[in-house]
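See structure below.
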Amino acid sequence: MKRLKLIFAGSTALSMLFFLFSCGGSETPEASALKIVTERLPSAIFGQDYYFTLAGSGGYQPYEWKISGALPEGIKFDKSSGTFRGKPGPDAASRSFSIELMDRTTEKEDRTPVVKKFTLNIQSGPFIASEKDLLPFQDSY
């Protein structure tokens, strides 16, 4: 019985050793080309919460996002997650800007950012008429 256990233990050790060598050891697999997948940003509506996360693919994660240009009033950008959030304020206007995506490459000098232009449009919210708004037209029908 003891002999059977040793043979089993030995074959398990050999299997594990073969697995480690066949996986390539500590080599890093080749990454696909880095790109910003998001095509456009959804519009934000004045006075309503806005939340949108950009999507990237390829390269080596984690990603680092950077914005060049001004955002509409009340909207912030998180460079670690690529997320826009906030509530457009009363002076918010549509803005165009560039987004840069960098991946985690071993050597900083090997980093090649991907840049894409976006526009974040601000729309006015729905207008809901009140009785006060309709008073001037009361006698017109």
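Among the residues of region 46-66, write down those that are over 19 Å from Ser98 (Cβ atoms) and among the hydroxyl-bearing types (Ser, Thr, Tyr).
Tyr50, Tyr51, Tyr60
Go through the residues of region 113-128 one by one and say whether even a single one is aromatic (Phe, Trp, Tyr) and at pLDDT below 90.
The answer is yes; a qualifying residue exists.
For region 95-111, what are the residues that are at pLDDT below 95 and either loosely packed, with under 11 Cβ neighbours inside 10 Å or more than 19 Å from Gly58 (Cβ to Cβ) (or both)?
Listed by number, the residues that qualify are Thr106, Glu107, Lys108, Glu109, Asp110.
Only one of Asp91, Asp133, Asp49 is at pLDDT 95 or above and more than 20 Å from Ala33 (Cα to Cα). Can you tell me which?
Answer to the selection: Asp49.
The values are calculated or read from the model by the stated rules, or taken from the named source; none is laboratory data. Since this is a predicted model, take the numbers as computed values, not measurements. Cβ: placed from backbone, ideal geometry, glycine included. Neighbour counts: every protein chain shown.
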